[in-house]
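Rule-based calculations on the coordinates, nothing more; no lab input. Everything numeric here is computed off the predicted structure, so don't read it as measured data. Cβ placement follows ideal geometry from the backbone for every residue including glycine, while neighbour counts extend to all protein chains displayed.
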Amino acid sequence: MNLEEKQLKKEYLYKGKIINLRLDDAELPDGSTALREIVEHPGGVCVAALTDNDEVLLVKQFRYPYSEVILEIPAGKRNSKEENPLDCGIRELKEETGATAQNFFFLGELYPTPGYVDEVIYMYGATGLSFGEATPDEDEFLEVEKIPLDILVNKIMSGEIKDAKTQTAILKLKHLKEIGKI
């Protein structure tokens, strides 16, 4: 069965600094039409940085949409869809934690909300860390924490860590560690 939908019309309702909102008319596989609300986002990158002592670097920061402080791995928005994701990850790790890494490895892509957002999050692991001073963006207020990988996995499994990119990247990192790939 053909499951693809075809864009018939695209109308922008809002164009912002971080996101755009558009309303599309789409033709469904059976020939009928439907409206599709789409949030366009340039995408992001996250880095699961592992110390020599098997601790993961995390940041605590207030996330306005949820009105709570979230514990998550360092991450950030790409400047554009053309920006190299690894370059973005290197920048965000340094800005948020002060860390640089000798080794980066790709953990995959994550579609956080595929029903209405086109965002792709590129996930990386990092090892061989050295530390300098963090330089967060002027509107970014965060605290850096180091949590042992095994404890962090337990926090994910208990529901304490709710952030999707953190859950996915850390569980992938743990698996790679268990099979001897890192």
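Values as computed for the structure displayed
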| read-out | value |
| --- | --- |
| Nearest-0.05 FRET efficiency for Y111 and E160, computed from C-beta distance (R0 25 Å) | 0.60 |
| Within-13-Å neighbourhood charge of I90 [Cβ basis; K, R +1; D, E -1] | -2 |
| Prolate/oblate/rounded label for the range 52-135 (Cα gyration tensor, a/c 1.5) | oblate |
| Cα long-axis angle, helix 85-97 against the chain (0 to 90 degrees, to the nearest 10) | 50 |
| Cβ charges +1 (Lys, Arg) and -1 (Asp, Glu), total dipole of the range 1-136, debye | 400 |
| Option label - Cα extents along the principal axes in Å computed here, alternatives (i) 57, 40, 31; (ii) 49, 41, 24; (iii) 42, 36, 36 | (i) |
| Estimated inter-spin distance, E133 and N53, nm [label 7 Å along Cα→Cβ] | 2.4 |
| Rel. contact order, % - alpha carbon contacts under 8 angstrom, at least six apart, the chain | 22 |
| Net length gained if the chain between I18 and K181 were fully extended (0.36 nm per residue, minus Cα distance) | 55.1 nm |
| Total formal charge among the other residues, if their Cβ is under 12 angstrom from that of K181, Lys/Arg +1 and Asp/Glu -1 | +2 |
| Pair L28, L3: separation of 7 Å Cα→Cβ label points (nm) | 1.6 |
| Those trypsin sites (Lys or Arg not before Pro) in the range 92-182 that DSSP places in a loop and that have at most 15 other beta carbons within 10 Å | K162, K181 |
| Within the chain, helix-based [θ] at 222 nm, where runs of 4 or more DSSP H residues each add -39,500 (n - 2.57), nearest 500 | -6500 deg cm²/dmol |
| Whole-number percent relative contact order across the range 1-74, with pairs defined as alpha carbons under 8 Å at least 6 apart | 20 |
